[in-house]
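Below is one structure, written out as structure tokens; comments come after it.
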Amino acid sequence: MDKDSILNVIENNKSKYLYELKKFISYPSYEGNQEGITRCAEYLEREFCSLGFNVQFFFEDYPILFAQRIVDPKNKTLLIYGHYDVKPPGDESMWLFKPFEAEINNGKIYGRGSADNKGQILAYLKAFEAVKSINDIEKLNLKFIIDSQEESGSKHFYSVINKDKELFKADMVVLSDGKIYTSRPLIGNGIRGKLEIIIEITGEEIDLHPGQYGNIARCALNDTIFFINKLYQLLNIELLHSDSEISPDKIANNEEGILKRKLDDEELIEKLSKPCIIISSINSYDHKCAMIPSKAVARIDMRLIENQDPIKLLEQIKHMCPSNITISNFKYMFPSKSLKTDYSEKVKTILKDEIRKICKSSAIDLPYLGISLPLSVFSDELKIPYVIIPFAQFDAKNHQPNENLDVIKFFNAISLIAILLSKLNDS
């Protein structure tokens, strides 16, 4: 299939693709907005049907879309994953533009879901449309599964897949989610695992005066800090400290500044290949004067790597504290294993070659990406290798006010995916 012809089609249809993206973003498809979810699902159904896909939905309230186009069951099948649900917009006064009006400003399209994940999943549809307009894809089978609750833990995704594994069978999964860290594109084949805990520790039954009871009474906050220190030891992580070379006037006030200040590509790979502990919050009651607090609560997020099973780790955490520390409440959320998979060298070669040509930069091959996705259903249940190709730029502000997607990144994504589909079809 002629590569130049495909790229010419994409060049001539950029205005149309942007119009479609604006329409896609305009549907407020966040959990709790049933009308927005329904209208967005109907929009996707129309798009897929117009391109010759058979479409079906699973789970009525938050419909998971499955679309397939099988040219020959004996041929290779590519499965593409994405999600059309988005985070709620939050305080709209914090936005430069209305979160669902998809305004374009300074080369970026602003709107909730622009980067996470509507712009990235729509790129696959438009890429297929471009290739099909030149010469139909006659050898490669295509399947899409588009989640409706990824932002709230993919509550029904696993059960849908497990009910009919044969339906979702494929030779490889390709997906685009998350964002790049520098100007260089990324290719990933793994994500770090996750375990989040909320722990409440009780010292004494009442708050006490530190002058009268210091060194006598138990301090709940001190015990919480001791617990966190034990957690670092359990995961064999060094406690991070401030970089003494960074003066206060160089403290970054945005993501770009942080990345430029601290990381080159090798350091990025090294840091994202290690586990980490993030103390999201730690507090006791807000006293008007100094007191020994009787209770303290900490919320702790752990990102895990290979051989760190979150369920086994959970049991270790529950039993690691000495008996004289009283854990009065313990909750855990979102346990998921780290995942790594091997995808074909042929696909890796195509991606790296075309990224270099289209994006004018070589790709970073990253072992773990900093995203949370239901990938275990592909690697563990369906035994399908996957590759992750994020297209959103580093300042896309996923989950924040003013989420945006660089328009050039959107067009580059369409071009790269179109060439990938064309080459997989011809091989």
Identify, by number, the condition in (1) without any contact (Cβ under 8 Å) to a residue 24 or more places away in the chain; (2) out of contact with any helix residue (DSSP H, G or I) (no Cβ under 9 Å at 6 or more places or on another chain); (3) basic (Lys, Arg) that LYS331 doesn't meet. (1)
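Filtering the range 1-23 down to residues that are among the basic types (Lys, Arg) and under 28 Å from the mean Cα position of the chain (by Cα), which residue is surrounded by the fewest Cβ atoms within 10 Å (Cβ to Cβ)?
Of the residues in the range 1-23, the ones among the basic types (Lys, Arg) are 3, 14, 16, 22-23.
Those left that are additionally under 28 Å from the mean Cα position of the chain (by Cα): 14, 16, 22-23.
Details: LYS14: 14, LYS16: 11, LYS22: 17, LYS23: 14.
Applying the filter and picking the extreme gives LYS16.
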Can you tell me which of VAL387, VAL297 is among the aliphatic types (A, V, I, L, M) and either at positive phi or out of contact with any Asp or Glu (no Cβ under 9 Å at 6 or more places or on another chain) (or both)? VAL387
Here the residues within the range 378-407 that are more than 26 Å from GLU267 (Cβ to Cβ), modelled with pLDDT under 90 and not hydroxyl-bearing (Ser, Thr, Tyr) are ASP380, GLU381
Within the range 297-354, take every residue that is farther than 13 Å from GLU196 by Cα and in contact with a Leu (Cβ under 7 Å, 6 or more places away or on another chain) and give me the one that is surrounded by the most Cβ atoms within 10 Å (Cβ to Cβ). LEU351
Name the pairs whose Cβ atoms lie under 8 Å apart, with the first residue in the range 300-314 and more than 15 Å from LYS331 (Cα to Cα), the second assigned to a helix (DSSP H, G or I) and among the hydrophobic types (A, V, I, L, M, F, W, C), and 6 or more positions between them or separate chains? LEU304/LEU313
Residues of the range 267-300 satisfying the condition of being in contact with a Lys or Arg (Cβ under 7 Å, 6 or more places away or on another chain) and modelled with pLDDT of 90 or more: PRO275, CYS276, SER280, SER281
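Residue-wise test of (1) more than 30 Å from ILE358 (Cβ to Cβ); (2) modelled with pLDDT of 90 or more; (3) among the hydroxyl-bearing types (Ser, Thr, Tyr).
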| site | (1), (2), (3) |
| --- | --- |
| ALA170 | no, yes, no |
| TYR181 | no, no, yes |
| GLY188 | no, no, no |
| ILE199 | yes, yes, no |
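Residues checked against (1) of a type in the set (D, E, K, R); (2) in the same structural domain as ALA123 (by TED's automatic domain parsing); (3) at pLDDT below 95:
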{"residue": "ASN13", "(1), (2), (3)": "no, yes, no"}
{"residue": "GLU20", "(1), (2), (3)": "yes, yes, no"}
{"residue": "SER29", "(1), (2), (3)": "no, yes, no"}
{"residue": "GLY32", "(1), (2), (3)": "no, yes, yes"}
{"residue": "ILE37", "(1), (2), (3)": "no, yes, no"}
{"residue": "PHE66", "(1), (2), (3)": "no, yes, no"}
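Matching residues to (1) of a type in the set (Ser, Thr, Tyr); (2) without any contact (Cβ under 8 Å) to a residue 40 or more places away in the chain; (3) within 24 Å of ASP85 (Cβ to Cβ):
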| site | (1), (2), (3) |
| --- | --- |
| HIS319 | no, yes, no |
| VAL347 | no, no, no |
| GLY370 | no, no, yes |
| LYS383 | no, yes, no |
| ASP395 | no, no, yes |
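So for the range 322-344 (the condition being part of a strand (DSSP E or B), farther than 27 Å from VAL131 by Cβ and of a type in the set (Val, Ile, Thr)), does at least one residue qualify? Reasoning before the result, please.
Let us first name the residues in the range 322-344 that are part of a strand (DSSP E or B), namely 326-336, 339-340.
From the residues that got through so far, the ones that are farther than 27 Å from VAL131 by Cβ too are 326-336, 339-340.
Adding the requirement that they be of a type in the set (Val, Ile, Thr) leaves 326-327.
Looking for residues that are part of a strand (DSSP E or B), farther than 27 Å from VAL131 by Cβ and of a type in the set (Val, Ile, Thr), one finds at least one in the range 322-344, hence yes.
If you go through the range 376-412 one residue at a time, how many are over 19 Å from ASN106 (Cβ atoms) and outside any loop (DSSP other than H, G, I, E, B)? Spell out the reasoning first.
So in the range 376-412, the residues over 19 Å from ASN106 (Cβ atoms) come out as 376-390, 399.
Then drop every residue that is not outside any loop (DSSP other than H, G, I, E, B), which leaves 376-381, 386-388.
Adding up the residues that qualify gives 9.
Can you pull out the residues in the range 345-375 that are outside any helix (DSSP H, G or I) and either within 18 Å of SER427 (Cβ to Cβ) or of a type in the set (A, V, I, L, M, F, W, C) (or both)?
Going residue by residue through the range 345-375, those that are outside any helix (DSSP H, G or I) are 359-375.
CYS359, ALA363, ILE364, LEU366, LEU369, ILE371, LEU373, LEU375 - these are the residues of the range 345-375 that are outside any helix (DSSP H, G or I) and either within 18 Å of SER427 (Cβ to Cβ) or of a type in the set (A, V, I, L, M, F, W, C) (or both).
Could you please find all residues in the range 128-162 being over 19 Å from the mean Cα position of the chain (by Cα) and either within 30 Å of ILE269 (Cα to Cα) or free of Cβ contacts under 8 Å to residues at least 24 places away in the same chain (or both)? Can you show your working first?
Going residue by residue through the range 128-162, those that are over 19 Å from the mean Cα position of the chain (by Cα) are 128-143, 159-162.
Scanning the range 128-162 gives ASP136, SER159.
Residue-wise test of (1) among the β-branched types (Val, Ile, Thr); (2) touching a strand residue (DSSP E or B) at 6+ places or on another chain (Cβ under 8 Å).
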position	(1), (2)
SER323	no, no
LYS331	no, yes
PHE334	no, yes
LYS337	no, yes
VAL347	yes, yes
LYS357	no, no
SER415	no, no
Enumeration of residues in the range 163-188 that are assigned to a loop (DSSP other than H, G, I, E, B) and buried (at least 21 other Cβ atoms within 10 Å of the Cβ): PHE168, ALA170, SER176, ASP177, GLY178, ILE180, TYR181, PRO185
Failed criterion for PRO367 (all others in (1) more than 19 Å from VAL160 (Cα to Cα); (2) of a type outside the set (Phe, Trp, Tyr); (3) surrounded by 20 or more Cβ atoms within 10 Å (Cβ to Cβ); (4) at pLDDT below 90 hold): (3)
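The values are calculated or read from the model by the stated rules, or taken from the named source; none is laboratory data. Just so it is clear, the structure is predicted and the values come from calculations on it, not from any experiment. In this analysis, Cβ positions are derived from the backbone assuming ideal geometry, glycine residues included, and neighbour counts consider all displayed protein chains.
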